[in-house]
Amino acid sequence: MVLHGPNLNLLGEREPQIYGGVTLDTINRELRNLADELQVELAIFQSNHEGALIDRIHQARGAEQGILINPAAYTHTSVALRDALAAVALPVVEVHLTNIYTRESFRHQSLTAPVAAGLICGFGADSYLWGLRALVRLLRSEEKAVKK
Ligand code: DQA
């Protein structure tokens, strides 16, 4: 499952000097192309609402195998989102378009990263593509370990 947090629906017109010109539709199209190549299915969801993201994470229980998430501003504020990710206990990869550690100090802390397997940031739309590859590799290596 791919989750996009608040304001990411405005990519393309939102602060292009920071986020570039890429739209969320383009990112989703690139993710779907990569998913085809990797032979995985994607459920993609964007919301500007913390509760809606949490509800979608709860619905993933028993339905999805892993979560690729850009929590956007909730990265830095939402204990509830972090708790939801921890509660469902699915493998999580966190991504950001920008390198949050080179930006304002309030972006330097991610509340969600400690419950993720890993974090990829700073590569624009490619952060999502590296993130999907990382998540699929992680899931496949876990599958292999279970079979052994
Ligand atoms: C972001 C970084 C966050 O700090 C910011 O609030 C966003 C986007 C990124 O992808 O670079 O909305 O998650």
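Every number here is computed from the coordinates shown, using simple stated rules; none is lab data. Everything numeric in this text was worked out from a predicted model, so none of it was measured. Cβ placement follows ideal geometry from the backbone for every residue including glycine, while neighbour counts extend to all protein chains displayed.
Picking from residues in the stretch 96-148 that are in a helix (DSSP H, G or I), acidic (D, E) and without any contact (Cβ under 8 Å) to a residue 24 or more places away in the chain, the one that is farthest from V40 (Cα to Cα) is D126.
Contact map, the stretch 60-80: first residue more than 15 Å from L139 (Cβ to Cβ), second residue within 11 Å of the ligand (Cβ to nearest atom) and of a type in the set (V, I, T), Cβ cut-off under 6 Å, separation 6 or more or different chains; pairs are N70/V95; P71/T112; T75/T112. Of the residues making up the stretch 75-111, those that are within 11 Å of the ligand (Cβ to nearest atom) and surrounded by 23 or more Cβ atoms within 10 Å (Cβ to Cβ) number 4.
Does V146 satisfy the condition of being more than 11 Å from the ligand (Cβ to nearest atom) and in contact with a helix residue (DSSP H, G or I) (Cβ under 6 Å, 6 or more places away or on another chain)? Lay out the reasoning, then the answer.
Working: more than 11 Å from the ligand (Cβ to nearest atom): yes; in contact with a helix residue (DSSP H, G or I) (Cβ under 6 Å, 6 or more places away or on another chain): no.
No: the conditions fail for V146.
Does the stretch 11-18 contain any residue that is within 14 Å of the chain's Cα centre (by Cα) and in a helix (DSSP H, G or I)? There is no residue in the stretch 11-18 that is within 14 Å of the chain's Cα centre (by Cα) and in a helix (DSSP H, G or I).
Annotation: R56 fulfils all but one of (1) among the basic types (K, R); (2) farther than 28 Å from D83 by Cα; (3) touching a Ser or Thr at 6+ places or on another chain (Cβ under 8 Å); the unmet one is (2).
In the stretch 1-59, the qualifying residues are those that are under 16 Å from R133 (Cβ atoms) and surrounded by fewer than 13 Cβ atoms within 10 Å (Cβ to Cβ), and the one that is nearest to the ligand (Cβ to nearest atom) is N33.
Collect the residues in the stretch 112-148 that are in contact with a Lys or Arg (Cβ under 6 Å, 6 or more places away or on another chain) and surrounded by fewer than 19 Cβ atoms within 10 Å (Cβ to Cβ), keeping them in residue-number order.
Keep residues of the stretch 112-148 that are in contact with a Lys or Arg (Cβ under 6 Å, 6 or more places away or on another chain), which gives 112, 115.
V115, the sole residue that qualifies.
On the given criteria, is Y128 closer than 15 Å to M1 by Cα and within 13 Å of the ligand (Cβ to nearest atom)? Yes, satisfied.
Is it true that S105 is closer than 16 Å to L3 by Cβ and among the small types (G, A, S)?
Values: closer than 16 Å to L3 by Cβ: no; among the small types (G, A, S): yes.
No; evaluated as a whole, the condition is false for this residue.
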